[in-house]
Amino acid sequence: MTDDRRSATTPAWIWGGGLLLASAVLPLITGSAGFVTAGGAVFAWIGMLAFAASMVVFALGPGGRGSVVARRPAGMTALIALAAVTPIIWVLTAVFPYSDADPGAYAVWGYADAAVRFGAALVAVVAVGRARVVPPPWNWAPAWGLAAVVGTAVLAQVSAVAIAGRPGDQETLLTLFAFSSLVAVVVPSLLGILAIVLGSRAEPRATVPVYPPRA
C-alpha cells in the first residue's frame, strides 16, 4: 500500500470505527445513566446518526478514498442503505404513528425493516470481504459479526415460539433475549475498535538499497 493511499485510509477507518463504536455504546450509557426520561430520544437520534455517518464513511472514505468496499457500486449502495434505513423508519413512524385500530400495519413495517437491514448488511459484508481493502483475515470480520447477531436473534425468536405458553421456561427465554441484545451491542463495538486499530497501524515503508548488492 502506498503512503498516499495510507494517508487517505487512516482517517476513514479511524473516524468510521469511532462513529460505529459511539453508535453502539452511547445508547447503552445513556440508558444506564438515567437519560431515558431526560432527553433519551435526543441521545437515541445521536446514536442513530453516528451509525449512519459511519456507514457513509466506510462506503466512500474521505475525499472518495479509503472505502472498505473499494467504491464498488453494490457495496457502497448496501452501506448507504444501512445508513438510511433507520432514519427513514423513524420518520415514517412519526408520520404514521401506531394505531390500535390497525396493528398489522406496524407488523408489516417491522418485517420490511428487518428484511431491508439483513439484505443490505449481507451484501455489505460480502462486498467488504471480496474487496480485500481491509487486510485478511479481518476483511471477513463484518461477516462473522453479522452471523453472530443474526444467529442469536433467530435463536431467541425460535425459542419464543417453541416455549410459548410455558411459564416455567420464561426465565430461559429472557436470558436468550438478553444475550441477543448483548451481542447486538458487542459486535458493532468490536468492529469499531478493530477499524480504529487497523486505521492506526503504521505499515513499514519499503527500503531502497543505496548500493547494488555484490555479485
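The values are calculated or read from the model by the stated rules, or taken from the named source; none is laboratory data. The structure displayed is predicted, hence computed values, not measured ones. Cβ coordinates were reconstructed from backbone atoms using ideal geometry, including for glycine residues, and neighbour counts include every protein chain displayed. Keep in mind that these areas ignore ligands, DNA and RNA; they rest on the heavy atoms of the full protein, side chains included. Shrake-Rupley method; radii C 1.70, N 1.55, O 1.52, S 1.80 Å.
Can you tell me which residues in the range 107-140 are open to solvent by less than 30 Å² (accessible area, probe 1.4 Å), in contact (Cβ under 8 Å) with a residue 24 or more places away in the chain and within 12 Å of the chain's Cα centre (by Cα)?
Hits for the range 107-140 are Ala120, Ala121, Ala124.
Limited to the range 19-58, what total is found for residues that are modelled with pLDDT of 75 or more, buried (at least 19 other Cβ atoms within 10 Å of the Cβ) and of a type outside the set (S, T, N, Q)?
Going through the range 19-58 one residue at a time, the tally reaches 12.
Need pairs with beta-carbon distance below 7 Å; first residue among the polar types (S, T, N, Q) and within the range 21-33, second in a helix (DSSP H, G or I) and at pLDDT below 60; sequence gap 6+ or separate chains.
These pairs meet every condition: Thr30/Gly40.
Working only within the range 59-91, note down all residues that are at pLDDT below 90 and open to solvent by 50 Å² or more (accessible area, probe 1.4 Å).
Matches in the range 59-91: Pro62, Gly63, Arg65, Ile88, Trp90, Val91.
Among the listed residues Arg214, Arg130, Arg205, which satisfies the condition of being part of a helix (DSSP H, G or I) and either in contact with a Lys or Arg (Cβ under 9 Å, 6 or more places away or on another chain) or at pLDDT below 80 (or both)?
Unique residue meeting the criteria: Arg130.
For (1) over 14 Å from the mean Cα position of the chain (by Cα); (2) farther than 19 Å from Val25 by Cβ; (3) at pLDDT 85 or above; (4) open to solvent by 30 Å² or more (accessible area, probe 1.4 Å), each residue gets a yes or a no:
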| site | (1), (2), (3), (4) |
| --- | --- |
| Pro142 | no, no, yes, yes |
| Ala153 | yes, yes, yes, yes |
| Gly165 | yes, yes, no, yes |
| Gly168 | yes, yes, no, yes |
| Thr172 | yes, yes, no, yes |
| Ala178 | yes, no, yes, yes |
| Val183 | no, no, yes, no |
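How many residues, within the range 1-18, are at pLDDT 80 or above and open to solvent by 50 Å² or more (accessible area, probe 1.4 Å)?
Of the residues in that region, 2 qualify.
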